[in-house]
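**Student:** The structure follows.
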Protein chains: 2
Amino acid sequence: MREENGDMYEEKISTWLNEHRTNGIRLLQKLVQEPSKRGQEGSAQAIVVEKCRQLGLEIDLWEIGDEKLRNHPHFYCDRKDFKGNPNLVAIKRGIGNGKSLILNGHIDVVPEGGHAAWHDDPYSGMEKDGKVFGRGTTDMKGGNVSLLLALEAIIESGIQLKGDVIFQSVIEEESGGAGTLAAVLRGYRADGAIIPEPTNMKLFPLQQGSMWFRLIVKGKSAHGGTRYEGVSAIDKAISVMLEIKKLEKERNESLRHSLYKNVKIPIPINIGSIQSGNWPSSVPDTAVLEGRFGIAPTETMEAAQRSLMQCIEALNETDAWFKEKPIELEWFGARWLPGSLELEHPLMKTLGAYYEKVMGEQPLVEASPWATDGGYLSSVGSTPVVVFGPGETKLAHDSNEYIEVDKMMDVAKIIALTIIEWCGVEEQ
Amino acid sequence: MREENGDMYEEKISTWLNEHRTNGIRLLQKLVQEPSKRGQEGSAQAIVVEKCRQLGLEIDLWEIGDEKLRNHPHFYCDRKDFKGNPNLVAIKRGIGNGKSLILNGHIDVVPEGGHAAWHDDPYSGMEKDGKVFGRGTTDMKGGNVSLLLALEAIIESGIQLKGDVIFQSVIEEESGGAGTLAAVLRGYRADGAIIPEPTNMKLFPLQQGSMWFRLIVKGKSAHGGTRYEGVSAIDKAISVMLEIKKLEKERNESLRHSLYKNVKIPIPINIGSIQSGNWPSSVPDTAVLEGRFGIAPTETMEAAQRSLMQCIEALNETDAWFKEKPIELEWFGARWLPGSLELEHPLMKTLGAYYEKVMGEQPLVEASPWATDGGYLSSVGSTPVVVFGPGETKLAHDSNEYIEVDKMMDVAKIIALTIIEWCGVEEQ
């Protein structure tokens, strides 16, 4: 676009966003107050649908789970029933001859954990000191509101886009991305995509992949009063966890990529849960560990699986107890494809330029320490992806999660201006 | 009794037991095939009741849980409902002028654990190679059958006892002994008591006490992909468990008692369960550990509690994380009083003498590495207690639990002869 027009659009977008800050906060609060945990996404999604209807978007609302999806080689989902919890794609159709852009946000949130760790109701949506609190504010309903505000600002400012903007509010991101995969398989592809996951306003052209694993560790039960007659599955699980820590260290030490230089553990292995035993006076005979295995953007899923398998096999061969009762390793549920975009891609340049314009400094570019749905958009949908959002990684999945309203509004502005440049405008 | 009469009784009892071995096995199988886990004791108890009715015993069958029991200072029970799962006392009334004897067995069993560890259905009651298999065979339905066979042998042999034999089949032993406490409070006391817990035919005049505890360990949740932003409650729980291992070592090293010299860990601290986390991709923010704390027969409950409290308080003071988020310690549910009997008590002598007569060797005398209901009988009921039974400690609470039929029959014989001597017989 011409420079003077660019300034005019920026002025319009800024003004509209400044005047509608409170509307953005209210929309976020309504979304947070619907706990859209897995299997309960419907009520929050309904709020997004109504917003898109008000904006005059073309609405495609459907329950995922057809044969095409279920038979896809990258469908890694253990969910049986998607009834009542639809996926949403809502399109702002351009007038033609412009590049298209996908704006991809997920509506699902992870469970809130123990309530005692929260200062308030985890679903309060309380606003305080320029922040909105609650599960999902950072990951990623705040980012979703940035997308909707960006679109609304453009529409309300009367700006006519050439290319299509394809807004997506998907389910299942936290459990492996079946919602985004379903959207790709339904035909939604574009010249670029932005995913406003919590990058703390950094640009992430690389996305780490990840997989879920389960380890079943055997012990030998006995009366607790003669616990030396048994073998505690908890004790044995501890020895397994120590080996996994070593494996994580090795994998991260061998990882060399300039974008990971500021990341403490680029590809972590997280033990998310342990369940063992059901009686205080018995030695537990089984421990089940579940966790998330990080995959480097440059690594195949298969190579990553092999590295954990080899670690477990080594334990099964060297530990006298595990020789007798081998640890079982299962891969289950979620799996996120890694993905990457060259640093010089036009979408990186456009987004980076408007970041600099709005924030007055160059953006930080990093590789994501976690997986996103970006892998599906790029690998399966051939759509170039940048992950860029207002939330903070360290607040995601934590108690007392919050988002800074200023950042949510700044991201809305940066994305609105990126849309205008990327999709092009019919100059009047 | 006169020597020639003693020989005559032994002959009668032996003959009867040899002829009724199969009946004993069948009774045990029927009892094992009713999984009398906590809250489901009724069906197995019904089999015992019917057996006692056939033997012509005075039956007292009642649902425990009255105010007197609930208000007792040693009632340590978190069970709300005892409906449908009664306690049983069944009395063989003597003709008078003899000493009375309580025969105390519990009908409840601990859960069977993971079925995969069992070669057969945990409730099969399968007989193979002179053994009967299944949850509860050793702990302690096999012992209960020894008691019932002993009584039946005496009755069927037409032997008239002077003193009362008070057979008890109680609930709740595995959860803290409310069933035996209820029987004591209902007035059942005697000049002696035998509890056929799995001592592997050793005599246990000392009973270890125990208590259940719960530790709540806090972490700080975070997205698993940036797990370094959180603090894993599992990692913190591991450090707590290591400290508890140290405490167990100290407590056992400082314990000096001749009867414990062959016991590997006289007063163990068993971590029976850990539950932490509910999402593979989240750092868990809470871990709950439940366990059993062994109390020396010479130790008060309060002193034992203090030793764990001091261990946890020390961690809360020295560990930087626990300073901020202290570990919480709770005592809950089960609590078994320790107890002891002098080695020269007449009941020890009588039981020991008949052990020697039947087995042809002196009995081993040890202190129990685990708690029994004996503490209630002795401390609250002023009834001298010896624990002596056919099962093996190391099989109790384990998968593939079994009892050797020979031992069950030998114990029946030893106890029958002890009853005859202890209660006295009207010589004909």
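**Student:** What residue, of B:303, B:287, is more than 7 Å from chain A (Cβ to nearest Cβ), assigned to a helix (DSSP H, G or I), at negative phi and of a type in the set (A, V, I, L, M, F, W, C)? Reasoning before the result, please.
**Tutor:** Values: B:287 fails: assigned to a helix (DSSP H, G or I).
From the options B:303, B:287, the qualifying one is B:303.
**Student:** Now for a separate question. For the stretch B:177-194, state whether one or more residues are buried (at least 21 other Cβ atoms within 10 Å of the Cβ) and within 11 Å of chain A (Cβ to nearest Cβ).
**Tutor:** No: zero hits.
**Student:** Let me ask another. Tally the residues that are outside any helix (DSSP H, G or I) and small (Gly, Ala, Ser), restricting the search to the stretch B:231-283.
**Tutor:** 8
**Student:** Oh, and also: For the stretch B:383-424, which residues satisfy the criterion of being among the small types (Gly, Ala, Ser), open to solvent by 10 Å² or more (accessible area, probe 1.4 Å) and more than 14 Å from chain A (Cβ to nearest Cβ)?
**Tutor:** B:424 - this is the single residue of the stretch B:383-424 that is among the small types (Gly, Ala, Ser), open to solvent by 10 Å² or more (accessible area, probe 1.4 Å) and more than 14 Å from chain A (Cβ to nearest Cβ).
**Student:** Say whether the condition of being aromatic (Phe, Trp, Tyr), part of a loop (DSSP other than H, G, I, E, B) and under 26 Å from residue A:164 (Cα atoms) is met by at least one residue in the stretch A:385-399.
**Tutor:** yes
**Student:** For residue A:76, which of the numbered conditions (1) out of contact with any Gly (no Cβ under 9 Å at 6 or more places or on another chain); (2) in contact (Cβ under 8 Å) with a residue 40 or more places away in the chain fails to hold?
**Tutor:** The failed condition is (1).
**Student:** Now for a different question. Looking for something under 26 Å from residue A:421 (Cβ atoms), assigned by TED's automatic domain parsing to the domain that holds residue A:398, out of contact with any Cys (no Cβ under 8 Å at 6 or more places or on another chain) and open to solvent by 20 Å² or more (accessible area, probe 1.4 Å) - is there at least one such residue anywhere in the stretch A:97-104? Before the answer, list the steps.
**Tutor:** Of all residues in the stretch A:97-104, those under 26 Å from residue A:421 (Cβ atoms) come to A:97-104.
Still in the list and also assigned by TED's automatic domain parsing to the domain that holds residue A:398: A:97-104.
The next check asks that each one be out of contact with any Cys (no Cβ under 8 Å at 6 or more places or on another chain); those that pass are A:97, A:102-104.
In the following step, the residues that additionally are open to solvent by 20 Å² or more (accessible area, probe 1.4 Å) were identified as A:97.
Checked against the condition, which is being under 26 Å from residue A:421 (Cβ atoms), assigned by TED's automatic domain parsing to the domain that holds residue A:398, out of contact with any Cys (no Cβ under 8 Å at 6 or more places or on another chain) and open to solvent by 20 Å² or more (accessible area, probe 1.4 Å), the stretch A:97-104 yields at least one hit.
To keep it simple, each residue is scored yes or no on (1) closer than 27 Å to residue A:146 by Cβ; (2) touching a residue at least 12 places away in the same chain (Cβ under 8 Å).
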site: A:62; (1), (2): yes, yes
site: A:65; (1), (2): no, yes
site: A:68; (1), (2): no, yes
site: A:101; (1), (2): yes, yes
site: A:109; (1), (2): yes, yes
site: A:123; (1), (2): yes, yes
site: A:128; (1), (2): yes, no
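**Student:** Out of all the residues in the stretch B:396-416, is one or more more than 28 Å from residue A:227 (Cβ to Cβ) and touching a strand residue (DSSP E or B) at 6+ places or on another chain (Cβ under 7 Å)?
**Tutor:** Checked against the condition, which is being more than 28 Å from residue A:227 (Cβ to Cβ) and touching a strand residue (DSSP E or B) at 6+ places or on another chain (Cβ under 7 Å), the stretch B:396-416 yields at least one hit.
**Student:** Before we move on, is residue B:347 touching a helix residue (DSSP H, G or I) at 6+ places or on another chain (Cβ under 8 Å) and either within 14 Å of chain A (Cβ to nearest Cβ) or modelled with pLDDT under 95 (or both)?
**Tutor:** No: the conditions fail for residue B:347.
**Student:** Let me ask you something else. Taking the stated definitions as given, is residue B:89 in the same structural domain as residue B:143 (by TED's automatic domain parsing), out of contact with any Gly (no Cβ under 9 Å at 6 or more places or on another chain) and in a strand (DSSP E or B)?
**Tutor:** For residue B:89, the condition - in the same structural domain as residue B:143 (by TED's automatic domain parsing), out of contact with any Gly (no Cβ under 9 Å at 6 or more places or on another chain) and in a strand (DSSP E or B) - is met.
**Student:** Here's another thing I want to ask about it. Taking the stated definitions as given, is residue B:343 under 20 Å from residue B:204 (Cβ atoms), in contact with a strand residue (DSSP E or B) (Cβ under 7 Å, 6 or more places away or on another chain) and open to solvent by 60 Å² or more (accessible area, probe 1.4 Å)?
**Tutor:** When the stated conditions are applied, residue B:343 passes them.
**Student:** So how many residues does the stretch A:218-237 have that are modelled with pLDDT under 95 and surrounded by fewer than 24 Cβ atoms within 10 Å (Cβ to Cβ)?
**Tutor:** Residues meeting the conditions: 2.
**Student:** Counting only residues that are open to solvent by 20 Å² or more (accessible area, probe 1.4 Å), within 14 Å of chain A (Cβ to nearest Cβ) and either of a type in the set (D, E, K, R) or within 14 Å of the chain's Cα centre (by Cα) (or both), how many does the stretch B:112-155 have?
**Tutor:** Qualifying residue count for the region: 1.
**Student:** Sort through A:415, A:327 and tell me the only one that's of a type in the set (Val, Ile, Thr) and under 30 Å from residue A:217 (Cβ atoms).
**Tutor:** Going through A:415, A:327 in turn, just one is of a type in the set (Val, Ile, Thr) and under 30 Å from residue A:217 (Cβ atoms): A:327.
Each row is one residue, and each column tells you yes or no for (1) more than 25 Å from residue B:38 (Cα to Cα); (2) touching a Phe, Trp or Tyr at 6+ places or on another chain (Cβ under 6 Å); (3) away from chain A (no Cβ under 14 Å).
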{"residue": "B:56", "(1), (2), (3)": "yes, no, yes"}
{"residue": "B:60", "(1), (2), (3)": "no, no, yes"}
{"residue": "B:65", "(1), (2), (3)": "no, yes, yes"}
{"residue": "B:76", "(1), (2), (3)": "no, no, no"}
{"residue": "B:101", "(1), (2), (3)": "yes, yes, yes"}
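**Student:** Let me ask something else about it. Can we say residue A:371 is within 14 Å of chain B (Cβ to nearest Cβ) and in contact with a His (Cβ under 6 Å, 6 or more places away or on another chain)?
**Tutor:** No: the conditions fail for residue A:371.
**Student:** Follow-up question, since we're still on this one. Given the criterion at pLDDT below 95 and of a type in the set (Lys, Arg), identify the matching residue among A:335, A:306.
**Tutor:** A:335
**Student:** Cβ contacts < 7 Å: first residue more than 26 Å from residue B:342 (Cα to Cα), restricted to the stretch B:291-316; second residue open to solvent by 40 Å² or more (accessible area, probe 1.4 Å) and in a helix (DSSP H, G or I), any location; separation 6+ or different chain. Result?
**Tutor:** Listed pairs, sorted by first residue: B:311/B:243; B:315/B:243; B:316/B:323.
**Student:** Can we say residue A:415 is among the hydrophobic types (A, V, I, L, M, F, W, C) and within 25 Å of residue A:31 (Cα to Cα)?
**Tutor:** Yes, satisfied.
**Student:** Of the numbered conditions (1) part of a strand (DSSP E or B); (2) within 14 Å of chain B (Cβ to nearest Cβ), residue A:228 fails exactly one; give the number of that condition.
**Tutor:** Result: residue A:228 fails condition (1) only.
**Student:** Listed residues B:215, B:206; which is in a strand (DSSP E or B), open to solvent by 10 Å² or more (accessible area, probe 1.4 Å), touching a residue at least 24 places away in the same chain (Cβ under 8 Å) and within 14 Å of chain A (Cβ to nearest Cβ)?
**Tutor:** Sole residue among the options that is in a strand (DSSP E or B), open to solvent by 10 Å² or more (accessible area, probe 1.4 Å), touching a residue at least 24 places away in the same chain (Cβ under 8 Å) and within 14 Å of chain A (Cβ to nearest Cβ): B:206.
**Student:** One residue is enough: does the stretch A:254-274 have a residue meeting the conditions small (Gly, Ala, Ser) and modelled with pLDDT of 95 or more?
**Tutor:** Let us first name the residues in the stretch A:254-274 that are small (Gly, Ala, Ser), namely A:254, A:258, A:272-273.
In the following step, the residues that additionally are modelled with pLDDT of 95 or more were identified as A:272-273.
Taking every residue of the stretch A:254-274 in turn, at least one turns out to be small (Gly, Ala, Ser) and modelled with pLDDT of 95 or more.
**Student:** Checking residue A:84 against (1) loosely packed, with under 13 Cβ neighbours inside 10 Å; (2) among the small types (Gly, Ala, Ser); (3) under 24 Å from residue A:190 (Cβ atoms), which single condition isn't satisfied?
**Tutor:** (3)
**Student:** Right, next: For the stretch A:238-272, which residues satisfy the criterion of being open to solvent by less than 10 Å² (accessible area, probe 1.4 Å), closer than 29 Å to residue A:227 by Cα and at the interface with another protein chain (Cβ under 9 Å from one of its Cβ atoms)?
**Tutor:** The one that is open to solvent by less than 10 Å² (accessible area, probe 1.4 Å), closer than 29 Å to residue A:227 by Cα and at the interface with another protein chain (Cβ under 9 Å from one of its Cβ atoms): A:272.
**Student:** Follow-up question, since we're still on this one. Give B:366, B:356, B:342 a once-over and let me know the one that is more than 30 Å from residue B:290 (Cβ to Cβ), modelled with pLDDT under 95 and either in a helix (DSSP H, G or I) or under 24 Å from the mean Cα position of the chain (by Cα) (or both). Quick ask: steps written out before the conclusion?
**Tutor:** Details: B:366 fails: more than 30 Å from residue B:290 (Cβ to Cβ); B:356 fails: modelled with pLDDT under 95.
It is B:342.
**Student:** Can you tell me which residue among B:298, B:318 is surrounded by fewer than 22 Cβ atoms within 10 Å (Cβ to Cβ) and at pLDDT 95 or above?
**Tutor:** Working: B:298 fails: at pLDDT 95 or above.
Just one listed residue meets the conditions, B:318.
The values are calculated or read from the model by the stated rules, or taken from the named source; none is laboratory data. The structure displayed is predicted, hence computed values, not measured ones. Here Cβ is always computed from backbone atoms with ideal geometry, including for glycine, and neighbour counts include all displayed protein chains. Quick note on the areas: whole protein, heavy atoms, side chains included, nothing else; ligands and nucleic acids left out. Shrake-Rupley method; radii C 1.70, N 1.55, O 1.52, S 1.80 Å.
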